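Shown next, in structure tokens, is the structure this report addresses.
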Amino acid sequence: MSTLGMAATLPGQTAGVSLFIDSFIEDVGLSRSLVSWLYTAATVLGSLALPLMGRLVDRWGPRRMATLAVGLFALSCAGMGQAGGWIGVFVGFVCLRCFGQGTLGLINNHAVNLWFERRRGLAVGILGLGMAGATALFPPLIEEGIQAYGWQRTYLIMGGILAGAVLPLGALLYRDAPERYGLSPDVENAASETEAPKTGASETGVPETSGLKDPELEASGPEGSGPETGAASEDEGETPGETPGKDRGEIQDENQGESQGASAVGGIEPGVAYRTRTFWLFTGAGVYAAGLGTGLLFHHFSILEEAGIGRDLAAEFFIPLGALTAALNVGTGWLVDRYPPRLLLAAELVLYGALTGLLPWADTTAEVWAYGSVFGVAQGMHQALLGSVYAYYFGRLHHGTIRGLANTVFIGGTAIGPALLAVGPDFLGGFAAILWILTPVPFLLGAAAFAGWAAGWDAATLQRAR
């Protein structure tokens, strides 16, 4: 359901909104620069609600919040179809970004993190296929709808699909933490599987590989998501009175399951997490990757035109980008379950550094495909890592709250990225100069990630929090 939910966020993603930009310019009478700045401001404003949405997800559970978010998202699409001026477009952008890309994306990620510990990375990697698949399949269909019915009616159709299909499925299939129903995440079942000698599993239930471990997690206990502490209050998650879509396992002795589950779901308090270098390392790297990635896509054809690449060849870039983003979503998720995320983050950041340093010289077909390939690998790693590390280090109890703040910062990066890259042609004579100025940043962040792994950043804090 969460993977389908990620696909459903497309009308709030840049890939979906970009299909309507020319319609806003031609039919509403807005300039391209005004639409760009409205979108940037709306993205930042919409992201400010995410810390609150994260707290509500922790308190009310994914099902209630998904029902609310999808309903508001559907209304936002319907309302966008009625926009007749810059105010209407701006309000529509705020709602689409807040309820679609922001809140619904947060809920989908949170729901999967609640149910997986030992194989969390792989599960979150598979979750990313929802967005990758939607980006590949839906834009051509939306474009056909715009040509056949007009952009206003196409927005109404998208709102109707969200309300008529995604909302009832979400109300039926989303679930809170497994402990609420007398179940457990995959760590216990996985632990029993790894008792076989040939699996070589460690005591923590995480398969031993090359001996690389996160120093602070090595002594943190059995949960693969890191040290956890605290107990959920009785009103967190879904209440015992909720019955729609429940099976026999959910309703059997539910009060007892709720009580046991509340004490079993643990996690570091948000205030503790926000004071760790680990939180800001991944959040800072996420801002850089989100801003750079959005900026490169926003100015894609202009950047390659500056290098002498025609529009047809520049469009081929998206073939390796899409394929490798999807593959590395899953592949990196598999690696997160076996290697320290900070080492994987360092590798990802090296790729971003190589990307910005070498991109200005890309002027052949092979180099454009290489650019798309490296970009796809880096983007896939980024999505899988950032989708799982907050639960990995800080646990599940307050995951929505912690992730909500991180998402607000990430989305701020996506808003700033296009404007930052535009400084190149506006003031520095081209995109090459600004790309080279940005090149040292990921290498420095990568060095910090490696140092954080080697030194066991925040180990004492996390052990005390336990």
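Positive end of the dipole of segment 353-466 (Cβ unit charges, origin at the Cα centre): among LEU386, LEU359, SER373, the Cα lying farthest that way belongs to LEU386.
Structural size metrics of segment 340-466, computed from C-alpha coordinates, are Rg and Dmax of 17.2, 55 Å. Shape annotation for segment 24-121: C-alpha extents along the principal axes are 52, 23, 21 Å, from largest to smallest. Taking other residues whose beta carbon is less than 13 angstrom from the beta carbon of LEU355, and scoring Lys, Arg as +1 and Asp, Glu as -1, yields -2. Couplings 3J(HN,Hα) of segment 156-168, computed from phi: 5, 5, 4, x, x, 5, 4, 6, x, 10, 5, 4, x Hz, in residue order, whole Hz [Karplus 6.51 cos²θ - 1.76 cosθ + 1.60, θ = phi - 60°; x for Gly and Pro]. The ellipsoid equivalent to the alpha-carbon distribution of segment 393-454 has semi-axes of 31, 19, 4 angstrom, derived from the gyration tensor eigenvalues as √(5λ) and listed largest first. Using a cutoff of 8 angstrom between alpha carbon atoms and counting only pairs six or more residues apart, the relative contact order for segment 327-462 works out to 41 percent.
When N counts the residues of segment 57-174, how does its alpha-carbon radius of gyration compare numerically with 2.2 N^0.38 Å, as a ratio?
Rounded to two decimals, the normalised Rg is 1.15.
For VAL377, the solvent-accessible surface with a 1.4 Å probe is about 40 Å², rounded to the nearest 10. VAL330 sits with roughly 40 Å² accessible to a 1.4 Å probe, with DNA, RNA and ligands left out of the calculation. Once all protein chains are placed together, ILE309 keeps about 10 Å² accessible to a 1.4 angstrom probe. Relative to its residue count, segment 254-371 spans a Cα convex hull of 164 Å³ per residue.
Based on C-alpha pairs under 8 angstrom that are at least 6 apart in sequence, segment 44-100 has a relative contact order of 47 percent.
The values are calculated or read from the model by the stated rules, or taken from the named source; none is laboratory data. It should be emphasised that the depicted structure is a prediction, and the values quoted were computed from it without experimental measurement. Glycine gets a Cβ as well: all are built from the backbone with ideal geometry, and neighbour counts include every protein chain shown. Accessible surface is based on the protein model in full, side chains and every heavy atom, while ligands, DNA and RNA are left aside. Shrake-Rupley method; radii C 1.70, N 1.55, O 1.52, S 1.80 Å.
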